[in-house]
Amino acid sequence: MKERLIQAFTAKFGQAPTVLSRAPGRLEILGNHTDYNEGTVLSVAVDREMTAAAAPVAGKTCRLLDAVTGSERSFEIDKLDRPKRGDWANYIKGLIVEFQKRGKTVPAFNAAIGGTVPMSAGMSSSAALEMAMTLIIRQLAKADDISWQDCARIGQACENNYVGAKTGLLDQFSSLKGKAGQLVYSDFRSLEVQNVPIPAGTAFVVANCMVKHNLTNEYNERREACEDAARTLAGIYPGVKTLRDVSLQQLEAAKERLKPLSYRRALHVVGEITRVADGVAALQRGDIKGFGRLMYESQYSSSHHFENSCKELEHARGHRPRVAWCSRRPSQRRWFWRHHRASGQS
């Protein structure tokens, strides 16, 4: 993809790119919808990525090329106050706006993007694009003081404020901190990140159920239900700020005081935070079967409590794989996981 992108950039803009970057997509393993609840997550960077190439230009006009589809966009770098609904260029415009909010001067540029992350398929192609372009813009703006955490926040703010999706930081953290052969453990209260080794001889296989998702509306509805549950629980238990602060026992005791929908959403999130802790412990002792059971429990909760599953995934799950897993965003639900040993057993 790198060479293809350089060729496409040069052919389109009549110059060679001066800056190149790439960022992988991600998959969440355990910790479904816990990031914006200040919880913990186990995720993994995948072997699919978004690649970007760019060069600064004189004037105020930015020109963009999607080297895979041939789609093109252009905009004035000082006229970004109005996003265009549904336009993929919003993911880049929003990043520029966030750099500008931080006092950084972003020059006009030409850029080409391309990648192998499936679109709208639960592997976070949007965050991969954001991080690839954030690294580009950081170099163009000579903003070396922007840390990797701030890069992640810029991507999140782009989605929250410009695109209109109330996402957390999971996608950006996973894309920036993923390493081969390791999961990414993220604590979204402390914003600390650690890498957790995957036991030798273990692999994860993912298959596409071909179900697309509506990120903004359905994601936002679930976040609002979680926040509603947290507000009610804060009135019952002193010190509760988010669902991170609630135990399963406390949640059950307060069930009758919660809206039924908010209770089910909270039950999923609080259970997921517990499963993340149990999952780390299982990996540390090499208990792959135990880890697989936790993934299966996660998918069940996604289906029955958070309702972000689909009939395609449920059909696959009905064939009794070792592990079935559901993606973190409503209506994605296309990624069916199965654990297998390197020997090929399944």
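Largest to smallest in accessible area, the residues 79, 104, 142 fall in the order 142, 79, 104 (1.4 Å probe, all protein chains included). Taking every DSSP helix (H) stretch of at least 4 residues in the chain, weighting each as -39,500 (n - 2.57) and dividing the sum by the residue count yields a mean residue ellipticity at 222 nm of -12000 deg cm²/dmol.
The slack in the chain from residue 277 to residue 148, taken as 0.36 nm per residue of separation less the alpha-carbon distance, amounts to 44.0 nm. Count the DSSP beta bridges whose two residues both fall in the stretch 52-157, then state the antiparallel fraction as a percent rounded to the nearest 5. Bridges in the stretch 52-157 that DSSP calls antiparallel: roughly 70 percent. Computed from backbone phi, the HN-Hα couplings of the stretch 130-146 come to 4, 6, 4, 6, 4, 5, 5, 5, 4, 6, 4, 8, 6, 9, 5, 7, 7 Hz, rounded to whole numbers (Karplus: 6.51 cos²θ - 1.76 cosθ + 1.60, θ = phi - 60°; Gly and Pro given as x).
Comparing Cα centroids, the stretch 1-76 and the stretch 101-137 end up 4 angstrom apart.
Calculated on the Cα set of the chain, radius of gyration then Dmax: 20.7, 66 Å.
Using a cutoff of 8 angstrom between alpha carbon atoms and counting only pairs six or more residues apart, the relative contact order for the chain works out to 20 percent. Between helix 148-157 and the chain there is an angle of about 90 degrees, using the helix long axis and the longest principal axis of the Cα atoms. Backbone amide hydrogens, once placed in the peptide plane, bring residue 46 within less than 5 Å of 25, 26, 27, excluding anything fewer than 5 places away on its chain.
Karplus-derived 3J(HN,Hα) values for the stretch 91-102, using 6.51 cos²θ - 1.76 cosθ + 1.60 with θ = phi - 60°, are 5, 8, 4, x, 5, 4, 4, 5, 5, 5, 4, 8 Hz; glycine and proline are entered as x. At a probe radius of 1.4 angstrom, the accessible area of the stretch 134-234 per residue rounds to 43 square angstrom.
Here the chain has 48 percent of its accessible surface on carbon and sulfur atoms, given a 1.4 Å probe and all protein chains in place. The angle between the Cα long axis of helix 2-13 and the longest principal axis of the Cα atoms of the chain comes to about 40 degrees, rounded to the nearest 10. Does the stretch 1-116 come out rounded, prolate or oblate by the C-alpha gyration tensor, with a ≥ b ≥ c the root eigenvalues, rounded set by a/c under 1.5 and, if not, prolate when a/b is larger than b/c and oblate if not? Because a/c hits 1.5 or more and a/b fails to exceed b/c, the stretch 1-116 counts as oblate.
The values are calculated or read from the model by the stated rules, or taken from the named source; none is laboratory data. All values reported here derive from a predicted model rather than from experimental measurement. What goes into the accessible areas is simple: the full protein's heavy atoms, side chains included, and nothing from ligands, DNA or RNA. Shrake-Rupley method; radii C 1.70, N 1.55, O 1.52, S 1.80 Å.
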